[in-house]
Amino acid sequence: MKKENCKATKGAWIIHHGRKLMCHIHGSGEFPAIDQAAKAATLLTKLGQADETEVSMTEVQAIAKASGVNPHHELTGLLQVLEKKRLIEKSDNQIAVLGVTTGSALVHAVHIYQDAKPASYEQASLNLAEIASDSPVRRSEVFERIGDEHKLSTVDVDEFLNQAETIGFVDKEGDGDDRLLYNGNLFRRDSVTKTHKVLESLIEKEKKLVNEIASQLSQRGCLIYEQVETILSKPLLDKLVAAGIYDLNEVTNEQGSHVYITAPSAFHKFVDPLVDDCFDMAKALVAALMYGMTLRPKSQGKIRMLSALLAKLIRGEEVGPATAIGRDYRVLEIDRVVKLRRSSKDSTQFSMKLLKKEVGELALHVLTQGDAYETSLTRLPASPMGAYIGPEASRTSRRKIQSPRSKQNTRDILEAVRGGQLS
């Protein structure tokens, strides 16, 4: 079991890196084994469910496109990879998925990656990600270690680290060999100790404000971004977000983009922080359910008994019909977390069935711990959830617009986590 957990963690890094490669124009050609394994595992996860299921080729193509896979040039090859691994059976008009969960998909990602005979650079990228998630590390400190462990020359290590920073496998703060390398999973491990180090680096006023936010997060589960910004101030919040102390969850709907904040450790109280929701499916389901609990009027299908509803879904039963189902779960339907069915009596109403049991179970854990999430989402506009952007993508986009002073403040935070002296 321990070996499988290690594989799942490695698979999660493959997915993490694969997402970064999709945003980089030349990345997939330079890290082909990671690119193929990440896309194949993502496709498998979205196609599959715990039980065997059949999916039409039309739906497969739509899922591929929504997953960033070219349905004309890449899809055939990825399906061949999955078929060769006996994870699917393909016919002219449909494919049969032979039973898969998120955890098993991550293990399959590792097998696909290994079969592709990854280059030393690719092996080094996964190793570097693991190192940088434990603690921020100086480039000069990791340089020799990467070279020795992966038998890379000095020139090769330098080129590799430049690529890793450019693509986003790791973030950097500072300049030269003294710069710090880290990633967004920094506060998903040993968060109590690391957060304590950060608090010790702050002035007393900032320390009190951060403790106030921590208290509110422990009571409510999440907070509106603007609410936290008002308490902390924009400069303090920016440097904490950039370092990964807070997770940003961005919900996009017809009235714009709306961000709420969670602590990395809060969502992962019940699960392996790097593995269980690396596809962000449970976070998206949580967001959709919260719309139904707090914003939908009774006439559209407001959720009143969340535990009973989720328990019914987890048992494989259908819920509905309701107007809200057809509006608030479209993102989840594209990812095949749920399946929607239009009512034959009223075309504006839909029923819903859960396709991925483990995603529902994780959402149930998060949402039934006291009043988590409910209080803090009541101010979001009551309109359909058109998209969900997870913590890593939100954090990365905000880092791009950080001011030089804000970047220096983030470096101070990272130095504190390392236990070093602040600059």
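The values are calculated or read from the model by the stated rules, or taken from the named source; none is laboratory data. Computed from a prediction, not measured in an experiment: that's the story for all the values here. For the accessible areas, the whole protein counts, side chains as well, though only heavy atoms, and no ligand, DNA or RNA atoms are used. Shrake-Rupley method; radii C 1.70, N 1.55, O 1.52, S 1.80 Å.
If amide H atoms are built 1.01 Å from N in the plane of the peptide, which residues on other chains or at least 5 residues away come under 5 Å of the amide H of G48?
HN-HN under 5 Å from G48: empty list.
According to the square roots a ≥ b ≥ c of the eigenvalues of the Cα gyration tensor, what is the shape class of the stretch 81-207, taking rounded for a/c under 1.5, prolate for a/b larger than b/c otherwise, and oblate for the remainder?
oblate
How long is the gain from K197 to E212 if the chain were fully straight, where each residue apart is worth 0.36 nm and the alpha carbon distance is subtracted?
3.7 nm
Over the heavy atoms of E226, what accessible area does a 1.4 Å probe trace out, to the nearest 10 Å²?
Approximately 100 Å² for this residue.
If DNA, RNA and ligands are ignored and the probe is 1.4 Å, what is the ranking of K339, K84, K356 by accessible area, most exposed first?
Order by accessible area, largest first: K84, K339, K356.
Remind me, relative contact order of the stretch 77-186 in percent, using alpha carbon pairs under 8 angstrom and six or more residues apart?
24 percent
In whole Hz, what ³J(HN,Hα) sequence does the stretch 126-138 give by Karplus (6.51, -1.76, 1.60; θ = phi - 60°), x for Gly and Pro?
6, 5, 4, 4, 5, 4, 6, 8, 6, 6, x, 10, 6
Each residue of the stretch 92-105 in order: what ³J(HN,Hα) in whole Hz does its phi give by Karplus 6.51 cos²θ - 1.76 cosθ + 1.60, θ = phi - 60°, with x for Gly and Pro?
5, 10, 7, 10, 9, 9, 8, x, 7, 10, 4, x, 5, 5
Carbon and sulfur together cover what percent of the accessible area of the stretch 38-172 at a 1.4 Å probe radius?
44 percent
Decide, for the stretch 94-163, between rounded, prolate and oblate: order the square roots of the alpha carbon gyration tensor eigenvalues as a ≥ b ≥ c, take rounded if a/c falls under 1.5, and otherwise choose prolate if a/b is larger than b/c, else oblate.
prolate
Pop out the ³J(HN,Hα) list for the stretch 194-204 in order, Karplus 6.51 cos²θ - 1.76 cosθ + 1.60 with θ = phi - 60°, rounded to Hz; leave Gly and Pro as x.
Values per residue, Gly and Pro as x: 5, 5, 4, 4, 5, 4, 5, 7, 8, 6, 4 Hz.
Accessible area of D280, 1.4 Å probe, to the nearest 10 Å²?
For D280, the solvent-accessible surface is approximately 30 Å².
Determine the per residue accessible area of the stretch 81-130 with all protein chains present and a 1.4 angstrom probe, expressed in square angstrom.
46 Å²
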